[in-house]
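Structure first, commentary second.
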Amino acid sequence: MANRTVKEAKNVHGTNPQYLIEKIIRSRIYDSKYWKEQCFALTAELLVDKAMELRFVGGVYGGNIKPTQFLCLTLKMLQIQPEKDIVVEFIKNEEFKYVRALGAFYLRLTGAALDCYKYLEPLYIDNRKLRRQNRAGQFEIVYMDEYIDELLRNDRVCDIILPRIQKRSILEENNEIEPKVSVLDEDLDDELPSDEEKTDEASRTKENSTSVRRPRRARSKSRSRSRERERRSNQGNNARSRDYYDELEDYDRQRNRVRNRDTQNEDYERRQTSGRQDRERERERQDRDRIRERDRNGDRDRRERERERDRGRHDQRERDSRGERERRRY
């Protein structure tokens, strides 16, 4: 009863919402301790508190396929099927990044293609870090925009096969969605002059040249000066655009450098932690060996003492019996 989908739930992609997760993973989630203790009788309101306690994302890990808390809460959302407004609030939550990641993952599993592009593409501007647990049980760093890009492009995320959605190009051809506008394109448009500004500038130049009647030679000079001015302005605009692209490349290089440095720091800390753990394990093993050797030596000494005591008792009995025989003889 505790693992059944609610009666009011609707079919998603033509099937039970819980069936979007494979059976083997679903059975592992049902048998997990977190599902039995923390996910029992959860409602949409109580689910928010559990989502705020998340500290990493991930699917399953370990040789016996243990599910993460993130995957357990995802299955719980599929079971109770919260309203779309609640899922949208999850995605728009800027304070708790793992709540946003959970809402985005649930929307990608259950939402239509238009909803996925509408609500997930604005998250490309979120560059916060996320901790993700891989199949080996180790943690790695992933950025929110990379996580959203995996949801929209990859077939499997967090060990779950995602339903197929239409490509964005097809939706744009059918006029079902507006063409994608990048933030970088908007900045570039702000730097470059528009066609209207060029037309106004050309008209003002033409009016200034025709307002004053000068000899033919003077008009030709003014026309050549205006062409020279336009050519210089175009060269300046091209120089500004090149400078802008150079700044973008510098920004990308700086961002990749920071990411690589963070990754190297994580790897260094992981190696330091693993080396410290190895040294502690080696020290514990040596302590156990010393204790075992000491116990072994103690047992050997105790057996020697008992053997000496038994030998003394035997000699004493021999002497007593010999003395008794001597007394009987005399």
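The values are calculated or read from the model by the stated rules, or taken from the named source; none is laboratory data. The shown structure was predicted, so the numbers you read here are calculated from the model rather than taken from an experiment. No Cβ is skipped: glycine too gets one built from the backbone with ideal geometry, and neighbour counts run over all protein chains shown. Keep in mind that these areas ignore ligands, DNA and RNA; they rest on the heavy atoms of the full protein, side chains included. Shrake-Rupley method; radii C 1.70, N 1.55, O 1.52, S 1.80 Å.
Rounded, prolate or oblate: which one fits region 92-165, using the alpha carbon gyration tensor with axes a ≥ b ≥ c (rounded when a/c is under 1.5, else prolate when a/b beats b/c, else oblate)? Oblate is the answer for region 92-165, as a/c is 1.5 or above yet b/c matches or exceeds a/b.
Residues whose amide H comes within less than 5 Å of that of Tyr143, counting only those at least five positions distant or on another chain, are Leu130 (H built at 1.01 Å from N in the peptide plane). Each residue, Ala112 and Asp287, gets one label point 7 Å from its Cα in the Cβ direction; the gap between the two is 6.4 nm. Given a cut-off of 25 Å, name the pairs among Lys10/Lys97; Lys10/Lys180; Lys10/Lys118 whose C-alpha atoms lie farther apart than that in the structure shown. Table pairs above 25 Å Cα-Cα are Lys10/Lys97; Lys10/Lys180. List the GluC sites (Glu not before Pro) in region 1-94 that DSSP assigns to loop (not H, G, I, E or B) and whose Cβ has at most 16 other Cβ atoms within 10 Å. Which are they? Loop-located and lightly packed - Glu8, Glu22, Glu53, Glu83, Glu94.
Kirkwood hydrodynamic radius of region 247-329, from the reciprocal of the average inverse Cα-Cα distance over all distinct pairs: 19.8 Å. Counting protein heavy atoms only, region 29-82 has 52 percent of its accessible area on carbon and sulfur, 1.4 angstrom probe. Of the solvent-accessible surface of region 247-329, computed with a 1.4 Å probe and all protein chains present, 41% belongs to carbon and sulfur.
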